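Below is one structure, written out as structure tokens, with a few remarks after it.
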Amino acid sequence: MNFNGHELFKAFHRIKKSSMGRLHKEFMQNLKPHEFFMLKTLKKMYEQEQQEAQTNNLPLAPGVKISQLSRESAISMPGVSQTISTLEKHGYVERIASSKDRRLVYVNLTEAGRQLETDVSNSCFQIYDEAATLLGQEDTQALVRLLDKLAGAFDQIDRQQCDLKQKEKIERKTT
């Protein structure tokens, strides 16, 4: 790993540790960060389903399937199921069996889960607002520009790796 990449990685780790540490102390005493992010993913996916159902005049499912959560979060089905079980024990999500097919189970946020997600998200925005105030407008705009540039670089790396894998697949098929 080159020195600049190593320093960039360490800087992101320090940012994550300081911002998540504050949020964890204030709100998420009984949750791990990945469990909270599962709440966020579930909320986002269900809101998308609500919008699609309304736009296309379709019936709305009572939640999101674990298989959908697994695909969206890139976490294995057993990993998602375990995280959902933990969130269910804390009262943040509920499993809802389909009335038509008992094998089909949906997951959705409870009122406590929605409240926790809202509280933590609002606090997160507050932390970043405070940081932006301390940095000042000029430095904040420069940082946002550089982070957008970094995101573009990561996307470019991903595209190059996908292209390389595709090329390797084709070469294996032709040899």
- prompt: From the list 76, 70, which residue is crowded, with 16+ Cβ neighbours inside 10 Å and free of Cβ contacts under 8 Å to residues at least 12 places away in the same chain?
  reply: 70
statement: The one condition residue 36 fails out of (1) within 25 Å of residue 125 (Cα to Cα); (2) out of contact with any helix residue (DSSP H, G or I) (no Cβ under 9 Å at 6 or more places or on another chain) is (2)
statement: Scanning segment 134-174 residue by residue, the ones that are among the β-branched types (Val, Ile, Thr) and more than 26 Å from residue 37 (Cα to Cα) total 2
- prompt: Does any residue of segment 124-135 turn out to be in the same structural domain as residue 64 (by TED's automatic domain parsing), under 30 Å from residue 81 (Cα atoms), in contact with a helix residue (DSSP H, G or I) (Cβ under 9 Å, 6 or more places away or on another chain) and at pLDDT below 85?
  reply: yes
message: Out of the residues in segment 12-62 meeting the condition of being free of Cβ contacts under 8 Å to residues at least 24 places away in the same chain and of a type in the set (Val, Ile, Thr), tell me which one is surrounded by the fewest Cβ atoms within 10 Å (Cβ to Cβ).
response: 55
- prompt: Can you name the residue in segment 84-103 that is exposed (fewer than 14 other Cβ atoms within 10 Å of the Cβ) and at pLDDT 85 or above and is also nearest to residue 61 (Cα to Cα) among such residues?
  reply: 97
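The values are calculated or read from the model by the stated rules, or taken from the named source; none is laboratory data. Quick caveat, the model's predicted, so the values are computed rather than measured. Glycine gets a Cβ as well: all are built from the backbone with ideal geometry, and neighbour counts include every protein chain shown.
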